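As C-alpha cells, the structure follows; a few thoughts come after it.
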Amino acid sequence: MALSTALRKKLSALAGSGVIVLSSVLLPELEGTRYQPYRDGGGLWTVCTGHAGPEVIPGTRYTQEQCDDFLAADIAIANRAVNRLVNVPMSEMQEAALTSFVFNVGSGQFSESSLLKELNRGETNAACNSLLRWIYIGKAKSPGLLNRREIERELCLWGEE
C-alpha cells in the first residue's frame, strides 16, 4: 500500500505548515481513532489515535477533545525525540515520517536503531528504506505495519528519488 491520492493531496496542500500539522493529519489516517480502549497488536491498552499509557482505562469512553489532547501531546513527544536524536538536516516530510515512526515504536527503539545510524551518517535513502524492516509484532509480520511503513517510507523519500 502506498499513500492514497487523497492523503497525498492533503499532505501536499499542507507542505510548509510544519511537522506538527502534517503529523496531525497523517497519524489519524494511519492509526484510526477509537473512543473506547482496546488492546493493540502488542497487547497494550490503547485509545483514541494510538494513545497508550496509564490514563487509558478499560471500559471508559473518551471524547474527541480528549483524543485531540492525547494526539497533540503524543506528536509533540515523538517529534522532540526525532529532533533530539537526528543530527542531520531533514525535510519537513522526512521529519513527519520519522515522527510517525517514533510515535509508533517509541524513542527508545528509534535511538538504538540502525535506521537512525544510517540517517545520521547522511544515508537518507538507506534510512528511509530501513523503515520497511519494522513490520513485526513479536516474530510475526504485520500487514498493518507493512502498510504503515510503506507510507512512512514514501513520505521519508518525498523529493529524494
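Descriptive notes on the structure:
- Filtered by the rule that a residue be within 15 Å of ASN104 (Cβ to Cβ) and part of a loop (DSSP other than H, G, I, E, B), the range 44-62 gives LEU44, THR49, GLY50, GLY53.
- Here TYR38 meets the list (1) closer than 22 Å to LEU146 by Cβ; (2) in contact with a Cys (Cβ under 9 Å, 6 or more places away or on another chain); (3) aromatic (Phe, Trp, Tyr) almost entirely, failing just condition (2).
- Residue check for ARG84: farther than 16 Å from ARG153 by Cα, part of a helix (DSSP H, G or I) and charged (D, E, K, R): yes
- Test: residue in the range 135-146 that is closer than 18 Å to VAL19 by Cβ, out of contact with any strand residue (DSSP E or B) (no Cβ under 8 Å at 6 or more places or on another chain) and assigned to a helix (DSSP H, G or I): no
- Taken over the range 63-91, the criterion of being of a type in the set (Gly, Ala, Ser), in contact with a Gly (Cβ under 9 Å, 6 or more places away or on another chain) and closer than 17 Å to GLY108 by Cα is satisfied by ALA78, ALA81.
- Output for the range 98-114, where each listed residue is free of Cβ contacts under 8 Å to residues at least 24 places away in the same chain, farther than 18 Å from GLY43 by Cα and either within 8 Å of the chain's Cα centre (by Cα) or not in a helix (DSSP H, G or I) (or both): GLU112, SER113
- Being crowded, with 20+ Cβ neighbours inside 10 Å, of a type in the set (D, E, K, R) and not in a strand (DSSP E or B) is a description that does not apply to GLU65.
- Of residues in the range 26-62 being among the β-branched types (Val, Ile, Thr) and surrounded by 12 or more Cβ atoms within 10 Å (Cβ to Cβ), the one farthest from LYS9 (Cα to Cα): THR60
- Options LEU26, LEU11, LEU3, LEU22: the member that is farther than 21 Å from TYR136 by Cβ, touching a helix residue (DSSP H, G or I) at 6+ places or on another chain (Cβ under 9 Å), in a loop (DSSP other than H, G, I, E, B) and touching a residue at least 60 places away in the same chain (Cβ under 8 Å): LEU3
- Taken together, the criteria exclude ALA72 from residues that are free of Cβ contacts under 8 Å to residues at least 24 places away in the same chain, of a type in the set (A, V, I, L, M) and part of a helix (DSSP H, G or I).
- Some residue of the range 140-147 being touching a Gly at 6+ places or on another chain (Cβ under 9 Å) and polar (S, T, N, Q): yes
- Checking each residue in the range 127-143 for being more than 22 Å from SER91 (Cα to Cα), in contact (Cβ under 8 Å) with a residue 12 or more places away in the chain and among the hydrophobic types (A, V, I, L, M, F, W, C) picks out ILE135, ILE137.
Bear in mind these aren't lab numbers, they're just calculated from the coordinates by the rules spelled out. Given the structure is predicted, the values throughout are model-derived calculations rather than measurements. Cβ coordinates were reconstructed from backbone atoms using ideal geometry, including for glycine residues, and neighbour counts include every protein chain displayed.
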